[in-house]
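One structure is given below, encoded as structure tokens.
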Amino acid sequence: MLNGKHIVLGITGGIAAYKSVMLLRLLVKAGAEVQVVMTPAAKEFVTPVTFASLSSKPVVSEFFTANTGEWHSHVDLGLWANLMVIAPATASTIGKMANGIADNMLVTTYLSAKEDVMIAPAMDLDMWRHPSTQRNIAQLQNDGVIIVSPGSGELASGLEGKGRMAEPQEIFQEIQKYFSKKQDLKGKKVLVTAGPTYENIDPVRFIGNYSSGKMGFEIARELGKRGAEVFLITGPVSLDTPKTGNIERTDVTSAIEMFEQAKSKFPLCDIAIFSAAVADYAPDKVSDKKIKRENEEEMVIRLKRNPDIAAYLSSHKNNQFTVGFALETDNEISNAKKKLESKKLDIIVLNSLNDPDAGFMKDTNKIKILSKTGEITSYDPKTKREVANDIIDAILRYSK
Ligand code: CTP
């Protein structure tokens, strides 16, 4: 199952380090090649010899081996790893990772890791729920780190509550899931529209909307990670292009520009995901000079209809699977159903603006997916990254 996979297993100084012996055994038995990296504090809990014998590799802990002067390259380790797993991850290591404090071999390896990093936090319940820890966790999530949430139960301190490291078996399953999901879109080409559009009024003003582009970028990121070739066409956003896999980004400003770019990429694609908040109307005339204030109390800007990118492309399908979004404030299901049908989409993702966990500028989202076959699936509130994976899973399920 994990044959040929290179895993860096980072171990930090928490009592749960003893459970990582079991995790290492599971990984090795599944065929993974594992390099253990320990922080100096971790060695106070479990001896490196245990990990070295189970992984058949010397444990790396310092930048140099003291007696030989051999240099351990964190950059090489970061390149070698297909996945880095830090279990247990203490509050201290989580804080260092969130802030880039590279004062040991483990955190420098984290900063050099080219592939994904998964952490299994372990600490006392007060430390876990401290705002500082929660801030650092949110930062790491934002940086793309996969968090295997701690469980609730009896803690080493004798207290009861959340903070106990997930069981080795559970972390192992997350690792297996990570690798089995990874390449399920290999060979697929996917068009993603994202962000708002800006419709110029004059050289300094425009009609726009509050879309941050986060949902579309998370979708592109996860598609790239799962092996797809992605054409990401985005309106004005302040987001970096995800670095996962093969993502070609095209920046546009107006709906017309987005339409032209989407039309040129659509015929190459197997799937199209329309997550952009496209302006439905644009000023009829764009003034080439800044419009001056007149003495009138009112001013009228005439608007003309923009093309509906999702509707146009879905009715010019050549077997593509198309996905739309509906952001509704009222009669959500019936409005979403109408959009699904009128735009000839295969599925539509509904977010309700009434929901405190959903919508523009947020990192979380709560969705329902409606299919043209009449099914409605409701999901719990999740991060936009998790939602992106739910949407991709639904696409794969419905396009079979
Ligand atoms: N969409 C599009 N081009 C447009 C308008 C919308 O591609 N000109 C796409 C969006 O990307 C989204 C879906 O259509 O996937 C629904 O967008 P939405 O703005 O909610 O729907 P509208 O049809 O514009 O309806 P309304 O604004 O009246 O709710």
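The values are calculated or read from the model by the stated rules, or taken from the named source; none is laboratory data. For clarity, every value in this text was computed on a predicted model and none was experimentally measured. Heads up, the Cβs are rebuilt from the backbone with ideal geometry, glycines too, and the neighbour counts pull from every protein chain shown.
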Problem set entry | Close pairs (8 angstrom Cβ cut-off, 6 or more residues apart or separate chains): closer than 11 Å to F321 by Cβ in region 378-400, aromatic (F, W, Y) and surrounded by 17 or more Cβ atoms within 10 Å (Cβ to Cβ) anywhere | I395/F321; Y398/F321; S399/F321
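Rundown of residues vs (1) in contact with a strand residue (DSSP E or B) (Cβ under 9 Å, 6 or more places away or on another chain); (2) away from the ligand (no atom under 16 Å from the Cβ), yes/no style:
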residue: V204; (1), (2): no, yes
residue: S212; (1), (2): yes, no
residue: R221; (1), (2): yes, yes
residue: K225; (1), (2): yes, yes
residue: F231; (1), (2): yes, no
residue: T244; (1), (2): yes, yes
residue: A282; (1), (2): yes, no
Exercise. Among the strands (runs of 3 or more DSSP E) contained in region 234-333, which hold 2 or more residues that are surrounded by fewer than 21 Cβ atoms within 10 Å (Cβ to Cβ), under 27 Å from the mean Cα position of the chain (by Cα) and modelled with pLDDT of 95 or more?
Worked result: 246-251
Exercise. Does region 213-226 contain at least one residue that is under 21 Å from V278 (Cβ atoms), surrounded by fewer than 24 Cβ atoms within 10 Å (Cβ to Cβ) and at pLDDT 95 or above?
Worked result: yes
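Yes/no per residue for (1) in contact with a Lys or Arg (Cβ under 9 Å, 6 or more places away or on another chain); (2) under 21 Å from V349 (Cβ atoms):
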position	(1), (2)
E294	no, no
L303	no, no
H316	yes, no
F321	no, yes
D330	no, yes
S334	no, yes
Seminar exercise, completed: Being modelled with pLDDT of 90 or more, touching a strand residue (DSSP E or B) at 6+ places or on another chain (Cβ under 9 Å), within 12 Å of the ligand (Cβ to nearest atom) and not in a strand (DSSP E or B) narrows L350, L340 down to just L340
For this session: Please indicate, with yes or no, whether at least one residue in region 102-118 is touching a residue at least 40 places away in the same chain (Cβ under 8 Å), in contact with a helix residue (DSSP H, G or I) (Cβ under 8 Å, 6 or more places away or on another chain) and assigned to a strand (DSSP E or B).
Result: yes
Exercise. Going through region 137-170 one residue at a time, which ones are part of a helix (DSSP H, G or I), surrounded by 20 or more Cβ atoms within 10 Å (Cβ to Cβ) and in contact with a Ser or Thr (Cβ under 9 Å, 6 or more places away or on another chain)?
Worked result: P168
Seminar exercise, completed: The residue from N200, N209 that alone is modelled with pLDDT of 95 or more, more than 20 Å from the chain's Cα centre (by Cα), part of a strand (DSSP E or B) and not small (G, A, S) is N200
Seminar exercise, completed: Among residues of region 43-77 being among the aliphatic types (A, V, I, L, M) and either in contact (Cβ under 8 Å) with a residue 40 or more places away in the chain or in contact with a Pro (Cβ under 7 Å, 6 or more places away or on another chain) (or both), the residue nearest to S112 (Cα to Cα) is L77
Exercise. Pairs, please: C-beta under 7 Å, at least 6 apart or cross-chain, first residue within 20 Å of S399 (Cβ to Cβ) and in region 296-320, second among the hydrophobic types (A, V, I, L, M, F, W, C) and more than 14 Å from the ligand (Cβ to nearest atom)?
Worked result: Q320/C269
Problem set entry | Residue identified as surrounded by fewer than 24 Cβ atoms within 10 Å (Cβ to Cβ) and in contact with a Phe, Trp or Tyr (Cβ under 7 Å, 6 or more places away or on another chain) among G13, G78 | G13
Seminar exercise, completed: Of the residues in region 136-193, those that are more than 23 Å from P242 (Cβ to Cβ), under 23 Å from the mean Cα position of the chain (by Cα) and touching a residue at least 24 places away in the same chain (Cβ under 8 Å) come to S149, P150, M165, A166, I171, F172, Q176
Problem set entry | Those residues of region 27-66 which are surrounded by fewer than 18 Cβ atoms within 10 Å (Cβ to Cβ) and of a type in the set (V, I, T), in sequence order | V28, T47, V49, T50, T65
Exercise. Restricting the first residue to region 78-95 and requiring it to be in a loop (DSSP other than H, G, I, E, B), which pairs with a second residue that is acidic (D, E) meet a Cβ separation below 7 Å and a spacing of at least six or different chains?
Worked result: A81/E115; N82/E115
Problem set entry | Residue identified as touching a strand residue (DSSP E or B) at 6+ places or on another chain (Cβ under 9 Å), modelled with pLDDT under 95 and hydrophobic (A, V, I, L, M, F, W, C) among A120, A113, A102, A138 | A113
